[in-house]
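Notes for the one structure printed next.
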Amino acid sequence: MKSIINEFLDQVKQRNPNEPEFIQAVEEVAETVIPYIVKNDIYYGKNILLRMVEPERVITFRVCWVDDSGEIRVNRGYRIQMNSAIGPYKGGLRFHPTVNLSILKFLAFEQVFKNSLTTLPMGGGKGGSDFDPKGKSDNEIMRFCHAFMSELFRHIGHNTDVPAGDIGVGAREIGFLFGMYKKISNGFTGVLTGKGMSWGGSLIRPEATGYGTVYFAENMLKIKNDSLEGKNVIISGSGNVAQFAAEKVLQLGGKVLTLSDSSGYIYDEDGIDLEKLEFVMDLKNVKRARISTYLDKYPNAKFVKGKTPWEVKCDIALPCATQNELNKNDAKTLLENGCICVSEGANMPSTKGAIDEFHKAKILFAPGKASNAGGVATSGLEMTQNSLRFNWTREEVDLKLKEIISNIHNSCIEYGKDENGYIDYVKGANIAGFVKVADAMLAQGIV
Ligand code: NDP
């Protein structure tokens, strides 16, 4: 089996040199899915995984805009249309200086499996730019978003490809992107998700990724007859996903000890309660300040510069910032400190070495493609509401989100439970995600 997997990975590496994040994402899938393919005649010999690692289309484009001082700036825009076997391409846009082809291809590849797991009809895609929104004025953000959409618009559409937000792309950016799309397409359609409530958005969409990550943790704990009540939880990041993961942890009776950004983490021994979280939301979403300014209001907390929060003793860890933010040594520290559950809010935040440690220790570990799927699932619900020209209530959307997360959890058990009863959620998510897409690809022929 090892040689079949290695042969496959060698081909992928040869064809995609200098794309370490993409290779990392493919490797994780190949190790669990290839053994399944080999055992199942309907998939064996059809090169399905080889087809799935090749994007259906990769678009790169120039984005020129003028900054507030009148200087002309040039950025690079991307859209990876990875797989459309089960629905229109769907996946976020990331604006961050580290954005490159490798990162977007890993995100697009993971998105295919994640979207399949939601059971909604969505293919996988991802896009973005190396543009850095930090320190830019609202007008600069608007000019960049308009310039970006003036090219992207020809490649997307509500039945073709429906982008959403990701790192650096929140409600403000989606507004500017939608405005330009609407103008040049001369149509008001659900072409983007994460829209504002008065122009086609869905209730609970802003909360959905963070809430879903915590619902997934709750599902995992439940099979151990445990819950979030009274648990110490550490969270990385302080953006959209981290904020609403923290909110849901508090609502379910847990204590939130940390939040972070790229400059370091804050540790509040007394707990970050709802009032403190509201302060953080204003700090990050309105003032767009650094997380360290939390100490201006709450001086009893500590700010640890340049580090991630994994050294803080906890029961549950929720990595909600970015890829590869939790490595093997971090995993060992978490385990030594008694951590029993890790639910990924970010995409691929744990390195392979870290995941191996969690599996060795047999703790509850959920990969992002399962545990953070609540975001895209609720985007799918936004698309449905746009098509129906109708809005569901907050309670209705939240209930559907909970059901979808619970179904994903069940799919992971179906394909990931080993003979000793341990649930390998990585294996379960990969195989369950694969089966639906593979069946559709087989039915549609060699296209
Ligand atoms: P935001 O831009 O709202 O927040 C990102 C947070 O992560 C910020 O606190 C940011 O700090 C921190 N961060 C970003 N890059 C780094 C880095 N290199 N090192 C340390 N910290 C970093 O993004 P989201 O909350 O939307 O996304 C967070 C993660 O969740 C990403 O992995 C994303 O792909 C994933 N995700 C998001 C979904 C969504 O619906 N938004 C859906 C599914 C997954 P700073 O401000 O200093 O950069």
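Taking only Cα atoms and a 10 Å spring cutoff, compute GNM fluctuations for the chain and point out the largest among 166, 268, 138. So, out of 166, 268, 138, the one fluctuating most is 138. Between residue 137 and residue 41, the simple spin-label model (points 7 angstrom out along Cα→Cβ) gives 6.9 nm.
With runs of 4+ DSSP H residues as the only contributors, calculate the mean residue ellipticity of the chain at 222 nm using -39,500 (n - 2.57) per run, divided by the residue total and rounded to the nearest 500.
Numbers: 16 runs with 209 residues, N = 447.
Helices in the chain give a 222 nm mean residue ellipticity of -15000 deg cm²/dmol.
Seen through its C-alpha gyration tensor, with square-root eigenvalues sorted a ≥ b ≥ c, segment 389-447 comes out oblate because a/c lies at 1.5 or above while a/b is not bigger than b/c.
Computed from the Cβ-Cβ distance with R0 of 30 Å, the FRET efficiency linking residue 407 to residue 226 stands at 0.90. The residues 412, 341, when put in order of fewest to most other Cβ atoms within 10 Å, stand as 341, 412. Note on residue 76 and residue 359: their simple-model spin labels are 3.3 nm apart, each label 7 Å out from Cα toward Cβ.
Give the residue list of chymotrypsin sites (Phe, Trp or Tyr not before Pro) in segment 1-77 that are DSSP loop and have at most 16 other beta-carbon atoms within 10 angstrom.
Values: sites: 8, 22, 36, 43, 44, 61, 65; in loops: 43, 44.
Counting only loop positions with at most 16 other Cβ atoms within 10 Å, the chymotrypsin sites (Phe, Trp or Tyr not before Pro) in segment 1-77 are 44.
Just to confirm the filter: which trypsin sites (Lys or Arg not before Pro) across segment 369-447 are DSSP coil and have at most 10 other Cβ within 10 angstrom of their Cβ? Don't skip to the answer; put the middle values down first.
Numbers: sites: 369, 389, 394, 400, 402, 417, 427, 436; in loops: 389.
Those satisfying the criteria are 389.
How many percent of DSSP beta bridges within the chain run antiparallel, rounded to 5? DSSP beta bridges in the chain are roughly 60 percent antiparallel. When the chain is treated as a Gaussian network with alpha carbon springs shorter than 10 Å, the biggest mean-square fluctuation among 405, 431, 59 belongs to 59.
Assuming R0 = 25 Å, what is the FRET efficiency of residue 189 and residue 396, from their Cβ-Cβ distance, to the nearest 0.05? With R0 = 25 Å, the Cβ-Cβ based efficiency is 0.65.
The Rg/Rh ratio of the chain, with both radii computed over alpha carbons and Rh defined as the Kirkwood radius, is 0.95. The shape of segment 36-162 comes out prolate: with a ≥ b ≥ c from the C-alpha gyration tensor, a/c is at least 1.5 and a/b beats b/c. Look at where the Cα atoms of segment 400-447 and of segment 152-198 average out, and the two centres are 29 Å apart.
Every number in this text was worked out from the coordinates using simple rules, so none of it is lab data. Quantities reported herein were computed from a predicted structural model and do not represent experimental measurements. Reconstructed Cβ throughout: ideal geometry from the backbone, glycine too, with neighbour counts over all protein chains shown.
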